[in-house]
1. Less than 9 Å Cβ to Cβ from residue B:334, Lys/Arg counted +1 and Asp/Glu -1: what total charge do the surrounding residues give?
2. Could you give the distance between the Cα centres of the stretch B:59-93 and the stretch B:163-215, to the whole Å?
3. Computed FRET efficiency, Cβ-Cβ of residue B:240 and residue B:431, R0 51 Å: what is it to the nearest 0.05?
4. For the ranges A:172-178, B:89-95, what's the packing order if you count other beta-carbon atoms within 10 Å of each residue, average per peptide, and put the highest first?
5. Using a Gaussian network model on chain B with a 10 Å cutoff between Cα atoms, which of B:54, B:428, B:269 fluctuates the most?
6. Taking the Cα centre of the stretch A:357-448 as origin and charging only Cβ (+1 Lys, Arg; -1 Asp, Glu), how large is the dipole, in debye to the nearest 20?
7. In percent, what relative contact order does the stretch B:146-240 have, based on Cα pairs under 8 Å that are 6 or more apart in sequence?
8. Between B:82, B:104, B:32, whose Cα lies farthest towards the positive end of the dipole of the stretch B:1-107 when Lys and Arg beta carbons carry +1 and Asp and Glu beta carbons carry -1, centred on the Cα centre?
2 protein chains.
Amino acid sequence: MSKPSIPQGTRDFSPGVMAKRKFILSTIESVYKSYGFMPLETPAMENLNTLTGKYGDEGDQLLFKILNNGDYLKDINLQEVSSKTLSPKIADRGLRYDLTVPLARYVVMNRNDIAFPFKRYQMQPVWRADRPQKGRYREFWQCDADVLGTDSLICEADFIRIYKDVFARLGLQGYELRINHRRLLEAICIKAGASQHFKTITIIIDKTDKIGADGVARELGELGLDQNAIATLSQFLTKSELNTSTLNMLEANLGDIPEGKKAIDDLRKVIELSGSAIANVALDCSLARGLDYYTGCIFEAVPTSVKMGSISGGGRYDDLTGVFGLKDISGIGISFGIDRLFDVMEELQLFPPAGMLFTDLLFCPMDETAIAYCIPLADQLRQNGFKVEIYPSATKLKKQLDYANNKGISWVVVVGEDEMQSGLLSVKNMQSGQQTKTESTKIQEVLQSV
Amino acid sequence: MSKPSIPQGTRDFSPGVMAKRKFILSTIESVYKSYGFMPLETPAMENLNTLTGKYGDEGDQLLFKILNNGDYLKDINLQEVSSKTLSPKIADRGLRYDLTVPLARYVVMNRNDIAFPFKRYQMQPVWRADRPQKGRYREFWQCDADVLGTDSLICEADFIRIYKDVFARLGLQGYELRINHRRLLEAICIKAGASQHFKTITIIIDKTDKIGADGVARELGELGLDQNAIATLSQFLTKSELNTSTLNMLEANLGDIPEGKKAIDDLRKVIELSGSAIANVALDCSLARGLDYYTGCIFEAVPTSVKMGSISGGGRYDDLTGVFGLKDISGIGISFGIDRLFDVMEELQLFPPAGMLFTDLLFCPMDETAIAYCIPLADQLRQNGFKVEIYPSATKLKKQLDYANNKGISWVVVVGEDEMQSGLLSVKNMQSGQQTKTESTKIQEVLQSV
């Protein structure tokens, strides 16, 4: 048997990594829950007709398809087939590509049982057959929250609060929350006399971070825009603090365009409903986030103290479920990318050391009788909420202490003949080295005294 | 677009179901952690050469295979291919079938970084292309804990405790924990002079629950065993309480067979190390659990107050990682089937109602101004750990209260002009109907007073 391996672009999450990932996931979950979001999980596999055509041509290419079971070639004429024409005949299912399409599919299937507005969160892996590279995986976790069935702007304000709460609880200070409005982008293009190129322009300006302002200007020129149009675009496609004076200035310029007026009114309302949470939120008129299903506010969170792309994004969409036959359900949602967030937290050393502790106390038995002696003591501590192990054999103490160190165990109690006779145990703190002698029934008091 | 659906044998887990599943999973997780187990997660996809041949021929048939990406037919001669011969050429990866093989693969790949004994738990979905039927799904969750790298029988005793702790915390009283020992089964077959049929005999007696004792005797007869052999087998393949007198009786009959002596010695030690947790554990000499990789103790937990198969099983294995080239790693593990456990809990109505509460309090705004008025109040409550929502629009009160009822929200605060002017709010309990008038800053005190 050759050496075992795992598929390219996938990962095992070892206990140390898992503890940190769980810290991130449970933090986000607790914030989502505090705003009344409810958990949903959908299957890893979806029917391919649910997935295909929802992510553009490139997305279709990146779907993982599952081979049909049984004699899947039966009734298939293998003359003149290609990979492309054979796939739909031998694969009816694929792995989910994101959590948004499954949500839309779920809402349409369960529309009669759902109480709208429907606030759900979903934290599950997704799969994409992308070329693996640093920070890009074929299996990765998304962490979404969406509200469906209301166009109230309190949702936008709630998501601004959710961002602040999540980052505060994670201890992440260096980040920027950027907002834009789809209609504002449209108004700017109309102002520049370039509304017929709207889609292409958003794709180009989305690349600002990669190709710079010069690169954007060059590509806009290649699109056939004249210098005036490009100048108008550059004038507005800037970043400033989201506040009333910024909006007043924009209204003076774009208020006569209906799309501009709508966007500015929406953003004023968002400011009003956000209260103090709006401080330091940036209005980034160049933010488009590619996806053309956004129809209102668009969000993006970017770390500033580490060089890294966005760690979360989202926005309002007016017709998520239309593609499955349910019209007029307005919604809004955001998604955290756990892998990038993990890398940021790691680089800034923001993970609490307590999150690493799997076991509070290890009993180290010096002989076979000591194992049995420790069992009721361990039981008692577990009943009171402590995580406790007994080293499973009376091997050399050094080996047992190495095990404690490897696992980051804080407390160790060595039990040999003397201890069993006297009933007095030494409870040792592995970090400070401090030892406390105590009766066997009072170990808990030592653990709690620190 | 036709009505969307999900693949056969898969399920969406709606919020209400998710809350209950999370209750089960977090309960098991907290018990695992209290014994020093650490979390591990492995990818949904494994290379097919990791999976193939590990689950028998039938298992190989039930693997979900993932179609290779890109032009997967390139360089493949489609003359004379069948579904069976084509699969290995166009699918290099498959979905994991259980959590045990991925564990073995992980341990072998990371053997130099792991501190043994390695105690890990893993709670993830697995996929099998079984024919879907009531209670059998193509995607289902397993919830495993294993200790690798020690043959100490304290592990067996710990798992007995873990079963007791898990069922106690779930509130499940009507269950039976059954134990057997592989060597005891062997000794019984030797005693009956039928050791050459050992494997087949275990398969037959494993069916006792389905075909009854008569069916077992008939099939043993068909195997060619004479009446004496069958009588000996039936004499020993019974169930009794696991205690010293049972073992003494067995030792008198099987103590001269080395396999029997070893099993009885092990079980005596397990009794010693289990303390009071051994009460009501059954020694079921007919328990084999099919898997021939078990080499020592075998476990099974079966609900007794509901008609249902086993909800957990496990045992000791001496060579889990050998198939991947790492010999002599003894281990032991158990696995809970979450779906069956869920059904048992549901039938016995054991889920706590508190597990259903997604939102503690809903503010019901009567006009637009009220929405903004409620925001800082909601913020304050969230900061203090409450789950709070503001209904996103000032729609009819009935609609808002329906929403609260649908979601099982306990507390409702209606805010209109009077309330904003007086600063006095009515906090209503939706279950009792009781209303309390309070200052807006003191809502928390009302919530905590119950």
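The values are calculated or read from the model by the stated rules, or taken from the named source; none is laboratory data. Since this is a predicted model, take the numbers as computed values, not measurements. Positions of Cβ are backbone-derived with ideal geometry, glycine not excepted, and every protein chain shown enters the neighbour counts. Surface accessibility is based on the protein's heavy atoms, side chains included, excluding ligands, DNA and RNA. Shrake-Rupley method; radii C 1.70, N 1.55, O 1.52, S 1.80 Å.
1. Surrounding charge for residue B:334 is -2.
2. The distance from the Cα centre of the stretch B:59-93 to that of the stretch B:163-215 comes to 39 Å.
3. My answer for the efficiency is 0.60.
4. B:89-95, A:172-178
5. Among B:54, B:428, B:269, the largest mean-square fluctuation in the Gaussian network model of chain B belongs to B:428.
6. So the magnitude is around 340 debye.
7. So the answer I get is 23 percent.
8. B:32
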